[in-house]
Structure formats: C-alpha cells, structure tokens
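Asker: Encoded as structure tokens, here's the structure I'll be asking about.
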Amino acid sequence: MKDLIIIGGGPAGVAGAVYAARKQLKTALIAAEIGGQSAVSDGIENWIGTPKIAGTELAKNFEAHLAAVKGGAVELAVGEEVAALTKADGGFAATTKAGKAFAARAVLVASGARRRKLDIPGAAQFENKGVTYCASCDGPLFSGMDVAVIGGGNAGFETALQLLAYAKSVTLLHRHKEFKADPVTVEKARAHPHMRLLPNSEPAEVVGDRFVSGLRYKDLGSGEVKELQVAGVFVEAGLIPNTDFAKELVDLDPVGRIAVNPKNQRASAEGIWAAGDCTDELYHQNNIAAGDGVKALEDVYLWLKTR
Ligand SMILES: Cc1cc2nc3c(=O)[nH]c(=O)nc-3n(C[C@H](O)[C@H](O)[C@H](O)COP(=O)(O)OP(=O)(O)OC[C@H]3O[C@@H](n4cnc5c(N)ncnc54)[C@H](O)[C@@H]3O)c2cc1C
C-alpha cells in the first residue's frame, strides 16, 4: 500500500507529485495525460515567472519536472484513467479503465474539469475556426472584429469585458431574461459603447464557410430567428468537473465539484483531499490549481505522519 494516490496530471496534480517526492511519500500519480486543460492554449501569459508559454510547452515542463522526481518515491501511471475510487482496508483503492489497481492511505483528487460544449449545429464544425472556449488565449486573434459571447454568468461577462479590449463589438447572448452575473459586472459591460446585451436569446446555429461568419439565435420574446454577423463565438457555458469516480465517497456541490475546506483542501471524507478545478473554490486558474496541490500536500504529509 502506498502513502498517496494523486489523480490528475494538470497543474494541481503535478504540483502535488513534486511536493510528494520532496517529502518522500510513496505516491502513485495516475493521469489520463500530463498538462491539463490549458495544454491546448497558444499562449499562456499569466503562469508566474514566465511571461508567455504555449500550452504544449507548459505540458512538456510538467513532464520534465515529473521525470526529475519519478523513481524513488513517485510512480507515474500516465495514460491511465481512474474509473472507480473506493474505500479499502487501511485507505482507498483506485481502479483504472484499463483494469490497473492502486491502493493508498490517502488520495488527492486533481482531476480538473472540461468545458461544457456548445451543442447547436455548426458549433463542432467551427471549433477553433471562430468558435472558441478561451478568451484569454484567443481574444487577440479577433482584434477589430465583431464577436459574440454565449453565457450570461460571471464567466460570460468577464470574457466580454476582456474582449472589449480588442474587438470592434461584443454581443452577449443569454437564454434567460435576467443575467446571472454580479450586477456590478453587468453594469460595467452595459456601460461600454461597443457592448450589446441580448437577454432572452437562445443560440440556434453557427454559420460560415471556412471560418465563422455569423451566429443565428432565437429571440425568445418574439420567437423570431435572427442572425448576428460575427467572426468569433466565445462560449462560456460552464465547466463540467471530472468527479464521477469520487461521487460516492465525498460531498459534491450542486454542479458536481468536490466541496473542500479552503484552508487545507480536505474533502468531506477523512483521507481524501482535492485541488484545482475539480473543487468548489471560486476561482479556477493554473496558478491557483498548483497552489492548491501544494497546500494539499503540506496537509497530507502532516496527516500521514501524525496518525
Ligand atoms: C483553453 C483553455 C485555456 C486556459 N488558459 C488559461 C490561462 O491562460 N491561464 C490560466 O491560469 N488558466 C487558464 N485556463 C484554466 C486552467 O487551464 C485551469 O484552471 C487548470 O488547468 C486547472 O488545473 P487542474 O490541475 O485543476 O485540472 P486540469 O488542468 O483540468 O487537469 C486535470 C487532469 O486530470 C486528468 N484526469 C481527468 N480525469 C481523470 C481520471 N478519471 N483519471 C485520471 N486522470 C484524469 C486530466 O487528464 C488532466 O491531466 C485555461 C483553460 C482552458 C480550457
């Protein structure tokens, strides 16, 4: 039996593994891949200490850091996806889809999240050809153009405010009459001369030829289908946490994220910690995920050594 199983190879899981190695905890890092969500980003400009780095390069750096600490205490199981996490004698057992089994006294869940995709005709066809899920990565590509944002929560409005720095105009669509975002943020966007808000509007189809040229939507008030001439469609329809395998063991919030104590990243079950985008903390970023992983490991270490 190991001391610790870490599930996930994004910034949270990799930070956890590096700290586990330094603390000489016998650890298995199980990860479908190394890099995490921002591996697809063209340029990450807020990874502290690095002015700009491509997502693929950041993933390579994570791999290099893991290669430097593996062996000794840390075993890597990359390309393995955890299908089930259960209680076992003296700790927990994780079984992967390929049938490999791991057991440990403690578990750090760092399995992150995936973006909820836009499910309308044309959305998949034009992904990365105008339909995008990341304003901080792709926003500057739409400099001087008209763009749409789908989603009336804080993420949608923050995306819109970010895009206003580059775009000619930003139109934000939201299915409901009332926006979900904080009123202050809504008013800040509304006050901008290049911002247009379309509540009560349901996206219907992304249209274009090689690249996006427009977004059809239904005006839910009149029932009329209208079309916006836009080159970019930024989707902020929420995140889906990768927590299915843990849902019988720990408390989740209403959207499936693991509830944690933000002081130490402990989940509701003794012996389980969670870090990064799979948790119910308010903000999700690479640096935060890595910090969570570190915070969790400090606590895991104390817990293991004082039992
Ligand atoms: C396109 C894009 C661009 C972004 N750009 C930025 C940016 O510029 N700056 C920034 O700070 N943040 C950015 N973010 C957000 C940032 O990527 C996340 O906050 C961060 O990746 C969260 O890290 P994490 O380790 O919690 O989870 P993730 O990065 O989601 O990593 C989860 C890991 O768990 C693995 N995994 C999932 N399920 C299982 C399973 N069942 N078994 C085994 N392994 C599993 C995955 O393969 C992955 O290795 C961006 C996000 C996206 C989508």
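Asker: Within segment 68-87, which residues are assigned to a strand (DSSP E or B) and either more than 10 Å from the ligand (Cβ to nearest atom) or surrounded by fewer than 18 Cβ atoms within 10 Å (Cβ to Cβ) (or both)? Let's see the steps before the verdict.
Answerer: Applying the first criterion (assigned to a strand (DSSP E or B)) to segment 68-87 yields 70-71, 74-78, 82-87.
Correct list: Lys70, Gly71, Val74, Glu75, Leu76, Val78, Ala83, Ala84, Thr86, Lys87.
Asker: Filtering segment 210-241 down to residues that are in a loop (DSSP other than H, G, I, E, B) and more than 19 Å from Asp119 (Cα to Cα), which residue is nearest to the chain's Cα centre (by Cα)? Walk me through how you get there before you give the answer.
Answerer: Filtering segment 210-241 for residues in a loop (DSSP other than H, G, I, E, B) gives 210-211, 220-224, 230-231, 236-238.
Those left that are additionally more than 19 Å from Asp119 (Cα to Cα): 210, 221-224.
Values: Arg210: 28, Gly221: 33, Ser222: 36, Gly223: 34, Glu224: 35 Å.
Result: Arg210.
Asker: Of everything in segment 19-33, what is in a loop (DSSP other than H, G, I, E, B) and either under 21 Å from Ala59 (Cβ atoms) or under 24 Å from the mean Cα position of the chain (by Cα) (or both)? Give them in sequence order.
Answerer: Of everything in segment 19-33, those that are in a loop (DSSP other than H, G, I, E, B) and either under 21 Å from Ala59 (Cβ atoms) or under 24 Å from the mean Cα position of the chain (by Cα) (or both) turn out to be Ala32, Glu33.
Asker: Something else about it: (1) buried (at least 16 other Cβ atoms within 10 Å of the Cβ); (2) touching a residue at least 24 places away in the same chain (Cβ under 8 Å); (3) in a loop (DSSP other than H, G, I, E, B): which one isn't true of Asn264, the others all being true?
Answerer: Checking Asn264 against (1) buried (at least 16 other Cβ atoms within 10 Å of the Cβ); (2) touching a residue at least 24 places away in the same chain (Cβ under 8 Å); (3) in a loop (DSSP other than H, G, I, E, B), the one that fails is (1).
Asker: For segment 173-183, does any single residue satisfy the condition of being of a type in the set (Lys, Arg), outside any strand (DSSP E or B) and under 24 Å from the mean Cα position of the chain (by Cα)?
Answerer: Yes, segment 173-183 contains a residue that is of a type in the set (Lys, Arg), outside any strand (DSSP E or B) and under 24 Å from the mean Cα position of the chain (by Cα).
Asker: Restricting to segment 190-209, name every residue that is among the acidic types (Asp, Glu) and part of a loop (DSSP other than H, G, I, E, B). First the steps, then the outcome.
Answerer: Within segment 190-209, the subset among the acidic types (Asp, Glu) is 202, 205, 209.
Of everything in segment 190-209, just one residue is among the acidic types (Asp, Glu) and part of a loop (DSSP other than H, G, I, E, B), namely Asp209.
Asker: If you don't mind, another one. Applying the selection to segment 51-67, what residues are modelled with pLDDT under 95, touching a strand residue (DSSP E or B) at 6+ places or on another chain (Cβ under 8 Å) and more than 8 Å from the ligand (Cβ to nearest atom)?
Answerer: Within segment 51-67, Lys52, Ile53, Ala54 meet the criteria.
Asker: I need every pair where a residue in segment 36-48 that is under 15 Å from Gly10 (Cβ atoms) has its Cβ under 7 Å from the Cβ of a residue that is among the polar types (S, T, N, Q) and more than 7 Å from the ligand (Cβ to nearest atom), sequence separation at least 6 or different chains.
Answerer: Ala39/Thr56
Asker: It is to be established whether one or more residues within segment 2-18 are surrounded by fewer than 16 Cβ atoms within 10 Å (Cβ to Cβ), of a type outside the set (S, T, N, Q) and either within 12 Å of the ligand (Cβ to nearest atom) or outside the structural domain of Gly139 (by TED's automatic domain parsing) (or both).
Answerer: The answer is no, given that none of the residues of segment 2-18 is surrounded by fewer than 16 Cβ atoms within 10 Å (Cβ to Cβ), of a type outside the set (S, T, N, Q) and either within 12 Å of the ligand (Cβ to nearest atom) or outside the structural domain of Gly139 (by TED's automatic domain parsing) (or both).
Asker: Name the residue that is nearest to the ligand (Cβ to nearest atom), counting only residues in segment 129-154 that are over 18 Å from Asn200 (Cα atoms) and in contact with a Leu (Cβ under 9 Å, 6 or more places away or on another chain).
Answerer: Tyr133
Asker: With the requirement that a residue be touching an Asp or Glu at 6+ places or on another chain (Cβ under 9 Å), part of a loop (DSSP other than H, G, I, E, B) and among the aliphatic types (A, V, I, L, M), what does segment 88-139 give you?
Answerer: Correct list: Ala98, Ala110, Leu118, Ile120, Ala123.
Asker: So which residues in segment 19-43 are within 8 Å of the ligand (Cβ to nearest atom), among the β-branched types (Val, Ile, Thr) and modelled with pLDDT of 95 or more, if there are any at all?
Answerer: Scanning segment 19-43 gives Ile30, Ile34.
Asker: Okay, next question. (1) more than 14 Å from the ligand (Cβ to nearest atom); (2) buried (at least 17 other Cβ atoms within 10 Å of the Cβ); (3) not acidic (Asp, Glu); (4) not assigned by TED's automatic domain parsing to the domain that holds Asn261: which one isn't true of Ala104, the others all being true?
Answerer: With (1) more than 14 Å from the ligand (Cβ to nearest atom); (2) buried (at least 17 other Cβ atoms within 10 Å of the Cβ); (3) not acidic (Asp, Glu); (4) not assigned by TED's automatic domain parsing to the domain that holds Asn261 applied to Ala104, the lone miss is (4).
Asker: Before we move on, is Phe126 among the aromatic types (Phe, Trp, Tyr), away from the ligand (no atom under 13 Å from the Cβ), more than 30 Å from Ile30 (Cβ to Cβ) and at pLDDT 95 or above?
Answerer: In short, yes.
The values are calculated or read from the model by the stated rules, or taken from the named source; none is laboratory data. Given the structure is predicted, the values throughout are model-derived calculations rather than measurements. Reconstructed Cβ throughout: ideal geometry from the backbone, glycine too, with neighbour counts over all protein chains shown.
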